[in-house]
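For reference, the structure is listed below as structure tokens.
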Amino acid sequence: MRKKWIFTGAAFALAMTLTGCRDNAAASIPQQSSQEQTKEQTQMIPMEEAQEAALKAADIVAADADISATTLSEVAGVACYKVEFTSGEYAYAYTINAETGAVMEMSSQEQNAQASGTQTETADPAAPAPAQNATGTGTVDEAAAQKIALEHAGVKAADATITKSKLDYEDGRQVYDIEWYAGGAKYDYEIATDTGEIISSAYEEKTMGADSKNVTVSEADAKKTALDRVSGATDKDLYEWKLDYDDGRPEYEGKIIYGGTEYEFTIDAATGSVMEWDAEKVR
């Protein structure tokens, strides 16, 4: 009888120990309140705050803007607001991170160009957003970037029709991608948002020269025309020089690498005019 009592007591002690382990394991799992769960699911800024962020980035006061649409969507797993508005002669579209309020993407376009069917390209919203200041546009705003590009090209703002002006990324660096037409030519610039540095610039003459098979401009004169545009460059900095024909029109094509910049160009061999000019920083 004594032995049976001892066995029963041991079994009872073991059962109590196992029960205690289960209780302790359950107690060790942190419980999340319904309020905390709801907070995690709704960590998004209000729509009005997204609109304010877009207007602030564009440097436009609310009284001067007409907001046409604000929509919430998810792109590449990121919740974002797309804010569309007009102000003056321009239409704007901003993509705002719905959790942080940061500007993920922006574009602006003349309303006349929009009406004619010319579309403004947009950056990939899935691209990683770099650190930004309160306006989300770095130390150089869009208007300043346009001014830098126009002054470098020697084009007055009144003479330029800007068809694209947006934030983009080049080798992981945030830039303004700006395109415009002026005097029958197309210009394409990339301006760094943090420094205002010209990352790349391109020029393409749309008003072509004489359609002739005769080369009236010498190779030496064409090379001089190209080198005169790059202060300090000499013949030794010329690469890939050749004479070619495009639809029967003779043209010189070449490349200059000088001062950390690569220049590619096309010169009309019948008139001597620069038809295309592309400059890009090299590392």
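Scanning region 233-256 for residues that are touching a residue at least 24 places away in the same chain (Cβ under 8 Å) and surrounded by fewer than 16 Cβ atoms within 10 Å (Cβ to Cβ) gives L243, Y245, D247, G248. Looking across S273, S218, one residue alone is under 23 Å from K156 (Cα atoms), of a type in the set (G, A, S) and out of contact with any helix residue (DSSP H, G or I) (no Cβ under 6 Å at 6 or more places or on another chain). It is S273.
Here A145 meets the list (1) surrounded by 21 or more Cβ atoms within 10 Å (Cβ to Cβ); (2) within 20 Å of E276 (Cβ to Cβ); (3) of a type in the set (A, V, I, L, M, F, W, C) almost entirely, failing just condition (2). Beta carbons closer than 9 Å, at least 6 apart along the sequence or on distinct chains, pair a first residue in region 60-71 that is under 7 Å from E84 (Cα atoms) with a second that is basic (K, R) and part of a strand (DSSP E or B) for A69/K82; T70/K82. Residue pairs whose Cβ atoms lie under 7 Å apart, sitting 6 or more positions apart in sequence or on different chains, and linking a residue in region 39-51 that is surrounded by 11 or more Cβ atoms within 10 Å (Cβ to Cβ) to a partner that is at pLDDT below 55 and aliphatic (A, V, I, L, M), do not occur here.
Out of the residues in region 259-270 that are crowded, with 17+ Cβ neighbours inside 10 Å and of a type outside the set (A, V, I, L, M, F, W, C), state the one that is nearest to G232 (Cα to Cα). Residue satisfying both the conditions and the ranking: Y263. Only residues that are among the polar types (S, T, N, Q), in a loop (DSSP other than H, G, I, E, B) and touching a residue at least 12 places away in the same chain (Cβ under 8 Å) were counted in region 214-232, giving 2. Of all residues in region 56-87, those that are part of a strand (DSSP E or B), of a type in the set (A, V, I, L, M, F, W, C) and farther than 16 Å from S107 by Cα total 4. Residues that are closer than 16 Å to K223 by Cα, assigned to a loop (DSSP other than H, G, I, E, B) and among the aliphatic types (A, V, I, L, M) within region 268-283 comprise A269, A270, listed in sequence order.
For residues that are under 21 Å from T163 (Cα atoms) and acidic (D, E), scanning just region 67-95, find the one that is modelled with the lowest pLDDT. Looking at residues that are under 21 Å from T163 (Cα atoms) and acidic (D, E), I get E89. From the list A182, A202, the one residue that fits, being closer than 15 Å to A279 by Cβ and not charged (D, E, K, R), is A202.
The values are calculated or read from the model by the stated rules, or taken from the named source; none is laboratory data. If you're wondering where the values come from, they're calculated on a predicted model, not measured in any experiment. No Cβ is skipped: glycine too gets one built from the backbone with ideal geometry, and neighbour counts run over all protein chains shown.
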